[in-house]
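A quick write-up on the structure given underneath.
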Amino acid sequence: MSAYLARTKSTPFATTASLSVLLVTGLVGVVPAVTVALAGGVASKLIVMLITLLTVGIVYLAVAYVLDALRIGTYVAMFVLSTFAANVPLAGDQYFRFIPGSLGPQVWLVQAPLLLLVLWLAYDGAFTRDSITRIELTFAAFVTWSVFSALLGSGPRTDIALYFSWLQFQAFVLFMVVRRGVEREEITLPTTVLTYAIAIVGHVAFSVAQLWTQKPIGVSYLGESIAWNPVSYPLLDVSNRVIVSGLTGHGYVLVGLVLLSFPGMLWIAAYMGGRYGSMSLIGAVAAAVILRLTTSDAGRGAFLILLVSLAVGILLIFKHGNGDQIFELENSRTMVAKHRNQAALYALSFVVTVTSILFPSNKSNTAIEDVSNVGSNPTTSPAENTQGPPPSGSENVSTNGSNPTTSPAENTQGPPLSGTTEYGGDLSVPFFNLKNLGFRFQQYVVGLDIFRRNPMFGIGGGNYPHVAREYGVQNKLHIPIPHALHNIYIMLLAETGLPGFLLYFLTVALVCHSGLRSIIDGNRPYLHLSVLAGLVAYLSFAFFAHPLDKLTALFPFWAFAAALVGDHRRGVVTGEIDMSGHTER
């Protein structure tokens with residue numbers, strides 16, 4: 001035992017790995033297993049889950065204390081929990097039925113370590129005026145403008161818009177905490193990447209269990225969510241009826257997390273080598289396969305952009321000769337001669353990954369419904385009461401939240417849409433399903449028209465579904481409002497106006513600039529490339545998704561961004577540029 005503790009304490013990388021594996025195993029394995037095995041009804045299941053969760057937390061804190069790593073352990077807990085849609089809603093189901101994403105009055109498990117780190121850093125005097133960066137100023141300006149949009153915009157639900165601002169503010173606070181943590185060397189960019197990689201592998205493992213059972217495991221309070229939609233894979237003559245999401249709360253959130261973490265898993269595989277490197281590579285391939293099984297064509301397209309970004313970035317680094325010798329190889333011939341097995345494993349992984357992403361399928365596009373109580377039902381757990389997929393047909397309910405008998409079409413303030421849902425019907429792209437393109441195009445037309453009518457303040461965050469009803473956009477299945485706008489670029493224009501859009505993407509541009517500068521300066525360029533490529537893929541995916549209103553998608557994005565900026569600034573301030581790529585600083 002003492003030898004194990006000595007090895008674990010030897011480096012921050014080893015400590016972080018041990019703590020991450022411990023916490024993820026507890027959350028993904030122990031808590032669900034004990035809950036399902038010992039609990040009976042919904043109430044007892046919740047009690048058993050809470051007791052088990054508390055036990056896992058106590059054990060985790062005890063191990064962190066023994067390793068003399070309470071501060072590192074708090075960062076690890078924040079990173080891991082930011083991927084779990086575990087929350088306590090503070091309002092009834094009827095209220096949340098009209099609110100998109102993670103908005104609304106809720107307490108999230110991740111808020112506990114985040115608050116602790118804020119207090120810790122404040123006590124250390126880390127939040128001084130001199131410590132504020134341009135990126136934080138622009139991010140703060142965006143959050144402030146979103147409040148203006150909530151109060152001065154023309155949207156019907158000021159409360160939802162303010163909850164949107166509250167979510168963005170929390171992401172801003174997380175950004176400040178992580179950036180300072182990296183600059184103060186309490187955590188590092190490699191350990192941040194490592195923690196999220198382990199967390200995503202945990203969600204992938206839980207998704208495999210969902211696929212195996214073809215139904216919810218039964219821990220929706222921990223963030224489990226499933227969408228029913230039969231999918232067939234004709235070449236294999238197999239089918240699947242569930243769209244998995246791990247414990248992230250939604251399938252597209254899992255997609256975004258895989259896009260963020262996949263290149264980091266590749267970097268870890270190359271950085272560590274040997275048995276642990278092979279394990280990381282296998283985890284990356286498994287994550288790519290699960291991404292394919294979410295049936296998200298937007299995610300698949302973004303994944304291909306990710307692969308191209310990585311390939312182009314690696315070639316440019318080699319061309320300009322500022323790459324760290326992460327593989328310790330002189331040339332490709334030496335690589336094959338000295339590392340034949342490793343090269344074969346990488347080649348096989350590449351083939352399996354690309355084949356999985358491009359593998360064709362047929363989706364029914366019927367009876368899609370999330371089975372989850374994340375932020376929507378504090379008293380009952382749908383997962384426990386679900387034995388099979390929901391009915392194939394359901395009558396949509398149109399209500400404006402205050403007058404259930406009034407049809408929104410009768411109060412139309414925008415132009416009714418006709419024919420837009422058929423847009424793209426004649427288009428085809430090999431290996432991709434374009435059946436939803438018409439619906440997406442309809443959303444974009446409505447969003448751009450909302451922006452045209454409200455160019456300065458927009459309609460307030462999270463208000464698009466309520467305004468879209470006035471255009472005659474179809475409601476979600478079983479839910480009396482349309483889908484959120486599946487494009488964060490048009491969403492920001494429509495909901496926060498042009499100033500909000502510019503401030504948000506100025507912040508993103510400054511983050512990317514920091515990553516590029518690190519690559520150009522030769523500061524662990526492959527590591528920074530992996531993080532930057534993940535951010536680019538995530539932003540590409542966001543052309544067809546709305547991760548701005550999902551905490552489990554929003555927090556990890558800004559955690560990666562903050563670690564990237566913090567690592568660049570630390571190198572600039574200290575003048576330490578690590579050219580080898582091997583030293584854990």
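The values are calculated or read from the model by the stated rules, or taken from the named source; none is laboratory data. Just so you know, these numbers come straight off a predicted model, no measurement behind them. With ideal geometry, Cβ positions are generated from the backbone for all residues, glycine too; neighbour counts draw on all protein chains shown. To get the accessible areas, we keep the full protein, side chains included, count just its heavy atoms, and leave off ligands, DNA and RNA. Shrake-Rupley method; radii C 1.70, N 1.55, O 1.52, S 1.80 Å.
The coefficient of translational diffusion for the range 35-127, derived via Stokes-Einstein from the alpha carbon Kirkwood radius under 37 °C and 0.692 mPa s, stands at 211 µm²/s. Within the range 437-506, the proportion of Cα pairs with more than 14 Å between them is 53 percent. Would you calculate the separation in nanometres between label points at residue 30 and residue 236, each defined as 7 Å from the Cα along the Cα-to-beta-carbon direction? Distance between label points: 3.3 nm.
Based on alpha-carbon atoms, the Kirkwood radius and the radius of gyration of the range 5-164 give Rg/Rh equal to 1.05. For the range 431-567, the equivalent ellipsoid built from the Cα gyration tensor has semi-axes of 32, 17, 12 Å, listed from largest to smallest. Note on the range 177-265: Rg/Rh from Cα positions, Kirkwood definition for Rh, rounded to two decimals, is 1.11.
Note on the range 152-311: semi-axes of the ellipsoid equivalent to its C-alpha gyration tensor, largest first and rounded to whole Å, are 28, 26, 15. The accessible-area ordering, largest first, of the residues 567, 449, 68, 93 stands as 68, 93, 449, 567, per a 1.4 angstrom probe.
With each label modelled as a point 7 angstrom along the Cα→C-beta vector, the residue 38-residue 521 pair spans 5.1 nm.
The alpha carbon centroids of the range 254-322 and the range 464-505 are separated by 31 Å. Expressed as a fraction of 2.2 N^0.38 Å, the C-alpha radius of gyration for the range 485-540 is 1.34. Run the paramagnetic zone check for residue 159: 7 angstrom along Cα to Cβ, then residues of the range 93-114 with backbone nitrogen under 17 Å. Answer for this model: 93-107. So if I take the centroid of the Cα atoms in the range 58-114 and the same for the range 162-187, what is the distance between those two points in Å? For the range 58-114 versus the range 162-187, the Cα centre distance is 14 Å. Hydrodynamic estimate: the Kirkwood radius of the range 100-238 over Cα pairs, inserted into Stokes-Einstein at 10 °C and 1.306 mPa s, corresponds to D of 85 µm²/s.
Per residue, the average separation of C-alpha pairs within less than 8 Å and at least 6 apart gives the range 432-563 a relative contact order of 25 percent.
The stretch between residue 351 and residue 14 holds 118.3 nm of extra length on full extension. This uses 0.36 nm per residue minus the Cα-Cα distance. Across every direction, the projection of the convex hull enclosing the Cα atoms of the range 172-224 has a mean area of 4.8 nm².
Spacing of the modelled spin labels on residue 452 and residue 316, each 7 Å from Cα toward Cβ, amounts to 3.6 nm.
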